[in-house]
Amino acid sequence: MMDGPLIALSGIERVFHLGDSEVHALRQLDLAIAAGEYVAVMGPSGSGKSTLLNLLGLLDRPNAGTYRLEGRDVTTLSPVEQARVRSERIGFVFQSFHLVPRLTAAENVALPMVLAGIPPAERQRRVECALHDYGLANRAGHRPDQLSGGQRQRVAIARATIMQPAMLLADEPTGNLDRATGEEVMRLLEELNGRGVTLIVVTHDVGLGERARRQLRMEDGWLRHDSAGDA
Ligand code: ADP
Ligand code: MG
């Protein structure tokens, strides 16, 4: 068992260099998130929300600072070791779904298990189960362009959770969906959180953000407000 937080960031800095100019996407960021939390990351466009999520998901590295995941410093891992942590512990859901266009729904969901070397029979069992759970059983053979936006996002959520990650990172997961479909996607994510998966959702929709039990507000690379500090 783990005593400390699931996620512990300390002194994180992320600077992008564009020609002669520097963009401080994250500044002096300290943050701890416990296992099982439901956190919304809010703030205006360009405030560093996606940069934060990408760092948490080990899709990017900070220029300074330390990231501990389940007590282990993951900042200094090699790319191969990071990929392994990502595959086993982290699920990602993006605004634009990021499905592989030429693969079917079933193949997209199976992909993380292929990469993790899970045997075909077990893969097939888990894909069938997941497609059924997400109401996609009769869409298994469809490619993304043959699915609605809501169905695509459900495939993406099935793919993100098929390895039973400790945390689910969602970057504007409802940004390309109409309100009713977005609502359905949020309910799915919240159901997963209800079953213990740590859920971190980037949104600039205040209504959606308020559903989380904890709100972080980013501004110009700074973590300006953390509702966990509210009395
Ligand atoms: P948000 O998700 O809150 O809209 P981002 O985290 O995407 O903001 O971006 C924060 C800042 O960092 C922005 O000013 C953006 O232009 C800059 N930025 C993000 N990614 C890169 C990159 N790969 N190269 C250069 N600048 C970047
Ligand atoms: Mg963003």
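Some points to look at:
- Per-residue Cβ neighbour rank within 10 angstrom, fewest leading, 75, 174: 75, 174
- For residue 198, neighbours were defined as the other residues whose beta-carbon sits under 12 Å from its Cβ, and their charges (Lys and Arg +1, Asp and Glu -1) total +2.
- Shape class of region 110-175 from the alpha-carbon gyration tensor: oblate, with a/c at 1.5 or above and b/c at least as large as a/b.
- When both bridge partners sit in the chain, DSSP labels roughly 55% of those beta bridges antiparallel.
- Average 1/r across all pairs of distinct alpha carbons in region 84-207, invert it, and you get the Kirkwood radius: 14.4 Å.
- Region 25-40 and region 108-187 have Cα centres lying 25 Å from one another.
- Neighbour-count order for 202, 85, fewest beta carbons within 10 angstrom listed first: 85, 202
- For the chain, a Gaussian network of Cα nodes joined below 10 Å ranks 43, 71, 207 by mean-square fluctuation, and the top entry is 207.
- Counting 0.36 nm for each residue step from residue 164 to residue 220 and taking away their Cα separation leaves a gain of 16.8 nm.
- Selection from 57, 113, 199 lying farthest towards where the dipole of the chain points positive, charges on Cβ: 113
- Value of [θ]222 nm, deg cm²/dmol, for the chain, DSSP H segments ≥ 4, -39500 (n - 2.57) each, nearest 500: -10000 deg cm²/dmol
- Principal semi-axes of the equivalent ellipsoid, √(5λ) from the alpha carbon gyration tensor of region 7-229, are 29, 20, 16 Å from largest down.
- GNM top mover of 184, 122, 37 - the chain, alpha-carbon springs below 10 Å: 122
- Sorted by Cβ neighbour density within 10 Å, fewest at the top, the residues 206, 80: 80, 206
- A Förster radius of 25 Å combined with the Cβ-Cβ distance from residue 183 to residue 34 puts the calculated FRET efficiency at roughly 0.40.
The numbers here are math on the coordinates, done by the rules we state, and not lab data. Source: prediction; values computed, not measured. Neighbour counts run over all protein chains shown; Cβ positions are idealised from the backbone, glycine included.
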